[in-house]
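Okay, so here's the structure we're looking at.
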Amino acid sequence: MKKNTVNVRELVEKYQSNCERINAIADACETEQRERTEAETKEYEALARENQLLAMRMQAATAEHLRENPNAVADAEKLIRENVAAGRKTEITLIREGEFAGMMVSDATNGGIVPLSVQDFIKPLVEGFILDKVGLPMPTGLVGDFVWPIYDLADATVAGEGVALSDSKINLSKLTASPERIGIAIPVTNQAINQSAGLIETLVKQVMPQAVAQLLNKIVFGLTKVTGATNLVGPFAHIIAKGGESPTTEDNRYADKVAIHETPAFVELNAKMKAKVLETGIDGAHLCWVMTKSMQAILEGTPINANGIYVPMVQDGKLCGLPIHTSNVMRKTVVTYKKATVSGSSTTWAACDKPAQESGIHFHVVCTPNNEATVLAALTASNNNVAEITTVTEYIGLGDWGYQPMGLFNSLRFVVDPFSQARKDAVDFVLNCDYATKTLRPEAFLLGEASVANS
């Protein structure tokens, strides 16, 4: 058994070493803006072949270990607890290569490796994300200068007998994925680890993957670019930026945002958004709405027609025949402050700075882009009273998510670090992974802004 454990460690280290070299080749090509050289191509292909063989051996070793150790998850948690108690760093590496998906738990010195199923981590990461909603996979374990391809359909022609056919060209555009590191760190006190059975498993299998999924939601659906991101930008952020002060060339490839009513009608969502996207000629096989839960609830209570038999806009979780994915990032909130000036029976409100003390705020109100004046008029204010105004704007996005590929590159890396937070008697649980996404066809996405007042 010990011999098998050592072999697994060697396999993992060799696999990671190959991935690092492949990334180094990809970085050099990206920095120098060139294709791989002939030597680099041969090296890349050799490394990729070796990784496939290593994955086969890791799969066999993992299957053998799980067969002989049905309590492998408990063994992994025991190893982590022992390492924490002994002041050793623990590494948890998630590897996916071809059909192999494995999780390797080891200490950072000379301890053993406990191989587990990576599906325990990937499943909660994907569930609740839009890919799961539209039936698309979340690729993991991608390596090197991965390319998202676009294939334009070739045109068939009708020709008479004996007439030569003209050539039909298939246009292949290469868009290279540019993965960026994303991560999360959760400090946990030693007392909590010692007193809570299953805490480590909960962190690894639930809390951390769900945190990553939330970040992916912000990246893909966010109305602005996530702080620290360079290439990780979703289609809706580009659409918002296009209407801003300094749109980029990339922003201008996207459609303008669509003005819709605060409580939109069925006909405008169907005609202004669904039909508009399909007019571009996209396939539409993976079309899906994105909105907040509150907007979905409003549409569930809004009839398709004002008259006649009551039929709600949203039925069985679908709007205009398309599925709905909910995310709270589809809401923009802006906080401003206004001070009241009272003269007789009239009250006027003017913009002011935020008071230095919370006690200087006399009213907290929430409004839409169109009813601020109505909300303020309902307040019984004294002279110099200040109102904190939260203006909420809802957005409804629509897109064919087959044109927004995304994936996790290389291995997902956990570290259980008992040193960094030692002064606080805490242990850091740290997850790092490399993620990439790219909008292949901007015309496949539209964003509606609920900013038009309903009459």
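The values are calculated or read from the model by the stated rules, or taken from the named source; none is laboratory data. Quick caveat, the model's predicted, so the values are computed rather than measured. Positions of Cβ are backbone-derived with ideal geometry, glycine not excepted, and every protein chain shown enters the neighbour counts. When the accessible area is computed, the model is the full protein with side chains, heavy atoms only, and any ligands, DNA or RNA have been set aside. Shrake-Rupley method; radii C 1.70, N 1.55, O 1.52, S 1.80 Å.
Solvent-accessible area per residue for the stretch 296-413 at a 1.4 Å probe radius, Å²?
51 Å²
I'd like the GluC sites (Glu not before Pro) in the stretch 217-301 restricted to DSSP loop residues with at most 16 other Cβ atoms within 10 Å, sorted by number. Don't skip to the end; give the middle numbers.
Details: sites: 245, 250, 262, 268, 279, 300; in loops: 245, 250, 262.
Here the GluC sites (Glu not before Pro) that fit, given the DSSP loop and packing criteria, are 245, 250.
Can you compute 3J(HN,Hα) from phi for each residue in the stretch 36-42, using the Karplus curve 6.51 cos²θ - 1.76 cosθ + 1.60 with θ = phi - 60°, rounded to whole Hz and x for Gly and Pro?
Listing the rounded values in order: 5, 6, 4, 5, 5, 5, 4 Hz.
Using amide H atoms built in the peptide plane, which far-off residues or other-chain residues are under 5 Å from residue 314 H to H?
Here 300, 302 satisfy the definition.
State which entries of 14/42; 218/339; 257/339; 272/339; 318/338; 242/339 exceed 29 angstrom in Cα-Cα distance in the structure shown. Before the final figure, lay out the partial values.
Details: 14/42 18 Å; 218/339 34 Å; 257/339 33 Å; 272/339 39 Å; 318/338 41 Å; 242/339 33 Å.
Among 14/42; 218/339; 257/339; 272/339; 318/338; 242/339, the Cα-Cα distance tops 29 Å for 218/339; 257/339; 272/339; 318/338; 242/339.
Could you give me the ³J(HN,Hα) list for the stretch 46-60, computed from phi with Karplus coefficients 6.51, -1.76, 1.60 and θ = phi - 60°, whole Hz, x at Gly and Pro?
Values, residue by residue: 5, 5, 5, 5, 5, 5, 5, 5, 4, 5, 4, 5, 5, 4, 5 Hz.
For the stretch 350-413, what % of the accessible area comes from carbon and sulfur atoms, probe 1.4 Å?
Of all accessible area on the stretch 350-413, carbon and sulfur atoms account for 51 percent.
Taking H as built 1.01 Å from N, whose amide H comes closer than 5 Å to the amide H of residue 408, not counting residues under 5 places away?
Distant-sequence amide H within range of residue 408: 140, 141, 142.
Which shape class applies to the stretch 307-357: rounded if a/c is under 1.5, otherwise prolate when a/b exceeds b/c and oblate if not, where a ≥ b ≥ c are the square roots of the Cα gyration tensor eigenvalues? Could the numbers behind the result be given before it?
Details: a/c = 6.74, a/b = 2.15, b/c = 3.13.
Verdict is oblate for the stretch 307-357.
For the stretch 264-384, treating each Cα as an identical point scatterer without solvent, what Debye log10 I(q)/I(0) comes out at q = 0.11, 0.13, 0.16 1/Å?
Normalising to I(0) and taking log10 leaves -0.61, -0.74, -0.87.
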